[in-house]
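Q: After the structure tokens below, expect a handful of questions from me.
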Amino acid sequence: MTAQALLRRATGLSVSKSVAERAVGQRMEQTGFTDSAAYLQALTPAEMTQLIELVVVPESWLFRDPQAFYATVELVQERWARGRATRILSIPCAGGEEPYSMAMALRDGGVPKQAFSIDAYDLSPGCIERAQAGVYGRNAFRAQDVGFRERYFTHVADDAYRIIDSLREQVTFRQGNLLQFDTATYSRHYDVIFCRNLLIYFDKPTTRAAIHNLSALLADDGMLLAGYAEVPSFCQNGYASLQLRQAFALKKEMLAPASAVQVAPLPALRTLRSVPPAPRRAAVAAPSSATPVAPVALRTRPMSLPSPAPAVQADLLAEARLLADRGQLREAGEKCHAHLARVPEAAEAYFMLGIINELAGKMDLADDYWRRCIYLQPDHYEALCHLSLLAERNGNHTAAATLKARAARIYQRLQASN
Ligand SMILES: C[S@@+](CC[C@H](N)C(=O)[O-])C[C@H]1O[C@@H](n2cnc3c(N)ncnc32)[C@H](O)[C@@H]1O
């Protein structure tokens, strides 16, 4: 089995061939192997863990997308007022930024310790170790308001702050893989689950498997918090939006009718207003222009042309998607280009080229293709989400916020028109 296949099987992550090979090269250097086949042959579970550490993306920060925490505080308060404690799960928790933010928000909200418990899991043992240490540098304090640092952290070195013990003790950290979670023991165990910014790294079948496990873990009247680009995946797999603005909160669809909200009271809409459920877009974007694509542009949209035959579009793009899912990125890219040769204005083909290049670790190209995509189709929700995430990853927070706001507006509009 190739390194890429091994890593995909172990993590579920859509690891590209080049990323997998780079990781193997690094580990071979560190372990003294000179032949990659021999290295893979001798792979022990401990060595596999080291390899996985090189491909995970443990990007996180304190109070990332904070409305999710405020929505949870309100839910915990309401449940506690009815004498019910709330079990919270954060998976994946990266270096602990998410569950600690939850603990801080609950303390800020005056919620007593007995009212909740927080379990936090991540695939990476390195992440869990960092989380248990609870020491963070500048990158973790990217939130707009970092007043919480004064309240809940001790300055321990130049650029290092440690979370206070009484908060650290409120989170139980464990290493764990969502795809291999013991869902039988923890069946319907959690009232609130944070699963943010993980599914974006999975392909469709893995996303479905992950959501299946989350559904097994979440109580039927529970609340699930997703990353903003992941809401559509949940809505396609049995969830409905809870209408809490920018919390990206969902519930199991069987409770979707309005009455369900009364059965299991959810956060009052004090800080949060209406939010859209997943937009339903055609898998293949409607064509819009014959003008050659501007590289990075938010110019006015060119004139529309008649639609090319949808079947032609669907075929090549469906093949490209299949190839990309199998990790055959070069072939997938070729299909997209073949498609573009026939339909130069196909925004969806540019979107896919962005995904393919992201998988290959070519982020600049991915960025360029997604920009072409939104040039052709300014309301391409997923492309905007990916661009926003990429801007965030590059530390360009203003651009990320603008793109995210634009995506949110489109989301709302698509919902209204459905
Ligand atoms: C981008 S971080 C997200 C952290 C946090 N939820 C947030 O939104 O800031 C993604 C994390 O997912 C973890 N991860 C990847 N595959 C996983 C899996 N199959 N099960 C559990 N965690 C996984 C990685 O180790 C990484 O720390």
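The values are calculated or read from the model by the stated rules, or taken from the named source; none is laboratory data. This is a predicted model, so every value here is computed, not measured. With ideal geometry, Cβ positions are generated from the backbone for all residues, glycine too; neighbour counts draw on all protein chains shown.
Q: Filter the range 88-112 for residues that are more than 7 Å from the ligand (Cβ to nearest atom) and not in a helix (DSSP H, G or I) and give the result.
A: ILE88, LEU89, GLY95, GLY96, GLY109, GLY110, VAL111, PRO112
Q: Name, by its number, the condition in (1) touching a residue at least 12 places away in the same chain (Cβ under 8 Å); (2) within 12 Å of the ligand (Cβ to nearest atom); (3) not aromatic (Phe, Trp, Tyr) that does not hold for ALA133.
A: It is condition (2) that ALA133 fails.
Q: A further question on this structure: Just to be sure, is PHE153 away from the ligand (no atom under 16 Å from the Cβ), farther than 28 Å from ILE211 by Cα and of a type outside the set (D, E, K, R)?
A: yes
Q: Further, regarding this structure: Looking at PHE194 and the list (1) in contact with a Ser or Thr (Cβ under 8 Å, 6 or more places away or on another chain); (2) farther than 13 Å from ARG87 by Cα, which single condition is not satisfied?
A: (2)
Q: Would you check if there is a residue in the range 128-148 being under 15 Å from LEU167 (Cα atoms), among the acidic types (Asp, Glu) and modelled with pLDDT of 95 or more?
A: no
Q: Restricting the range 148-171 to residues that are in a loop (DSSP other than H, G, I, E, B) and of a type outside the set (Val, Ile, Thr), which is surrounded by the most Cβ atoms within 10 Å (Cβ to Cβ)?
A: For the range 148-171, the residue satisfying everything is GLN170.
Q: For the structure I just gave you, tell me whether ARG174 is under 25 Å from MET104 (Cβ atoms), part of a strand (DSSP E or B) and either at pLDDT below 90 or within 13 Å of the ligand (Cβ to nearest atom) (or both).
A: Criteria met by ARG174.
Q: Considering only helices (runs of 4 or more DSSP H) fully contained in the range 1-86, which possess at least 1 residues that are within 11 Å of the ligand (Cβ to nearest atom) and either surrounded by fewer than 20 Cβ atoms within 10 Å (Cβ to Cβ) or of a type outside the set (D, E, K, R) (or both)?
A: Result: 3-11, 45-53, 67-81.
Q: Residue pairs, Cβ under 9 Å, 6 or more apart or interchain, first in the range 150-179 and charged (D, E, K, R), second assigned to a loop (DSSP other than H, G, I, E, B) and surrounded by 13 or more Cβ atoms within 10 Å (Cβ to Cβ). List them.
A: These pairs meet every condition: ARG151/ILE164; ARG162/GLY134; ASP165/GLY134; ARG168/GLY96; ARG168/GLY134.
Q: Turning to a different aspect of this structure: List every residue pair whose Cβ atoms lie under 7 Å apart, where the two residues are 6 or more positions apart in sequence or sit on different chains, the first residue falls within the range 45-59 and is more than 10 Å from VAL15 (Cβ to Cβ), and the second residue, located anywhere, is among the aromatic types (Phe, Trp, Tyr) and within 13 Å of the ligand (Cβ to nearest atom).
A: VAL57/TYR201
Q: Name the pairs: first residue in the range 14-34 and of a type in the set (Asp, Glu), second residue part of a helix (DSSP H, G or I), Cβ to Cβ under 9 Å, at least 6 apart or on different chains?
A: Cβ pairs passing all conditions: GLU21/ALA3; GLU21/GLN4; GLU21/SER36.
Q: Give me a count of the residues in the range 89-112 that are touching an Asp or Glu at 6+ places or on another chain (Cβ under 9 Å) and either of a type outside the set (A, V, I, L, M) or more than 24 Å from ARG142 (Cα to Cα) (or both).
A: Total meeting the criteria: 7.
Q: Within the range 238-262, how many residues turn out to be in a loop (DSSP other than H, G, I, E, B) and either modelled with pLDDT under 70 or closer than 19 Å to ALA105 by Cβ (or both)?
A: 8
Q: So which residues in the range 173-191 are closer than 17 Å to PHE116 by Cβ, surrounded by fewer than 18 Cβ atoms within 10 Å (Cβ to Cβ) and either within 22 Å of the chain's Cα centre (by Cα) or among the aromatic types (Phe, Trp, Tyr) (or both)?
A: Within the range 173-191, just TYR186 meets the criteria.
Q: Exactly one condition in (1) within 11 Å of the ligand (Cβ to nearest atom); (2) of a type outside the set (Asp, Glu); (3) at pLDDT below 95; (4) outside any loop (DSSP other than H, G, I, E, B) is false for ALA210; which is it?
A: Evaluating ALA210 over (1) within 11 Å of the ligand (Cβ to nearest atom); (2) of a type outside the set (Asp, Glu); (3) at pLDDT below 95; (4) outside any loop (DSSP other than H, G, I, E, B) leaves (3) as the failure.
Q: Separate question: Among the helices (runs of 4 or more DSSP H) confined wholly to the range 322-418, which include 3 or more residues that are within 21 Å of the chain's Cα centre (by Cα)?
A: Where helices (runs of 4 or more DSSP H) fall fully within the range 322-418 and carry at least 3 residues being within 21 Å of the chain's Cα centre (by Cα), they are 347-359, 363-376, 381-393, 397-417.
Q: On the given criteria, is ARG413 over 20 Å from SER14 (Cβ atoms), at pLDDT below 90 and among the charged types (D, E, K, R)?
A: yes
Q: Related question: Pull up the range 184-202, narrow it to residues that are within 13 Å of the ligand (Cβ to nearest atom) and part of a loop (DSSP other than H, G, I, E, B), then point me to the one that is farthest from GLN67 (Cα to Cα).
A: By that ranking, first place goes to LEU198.
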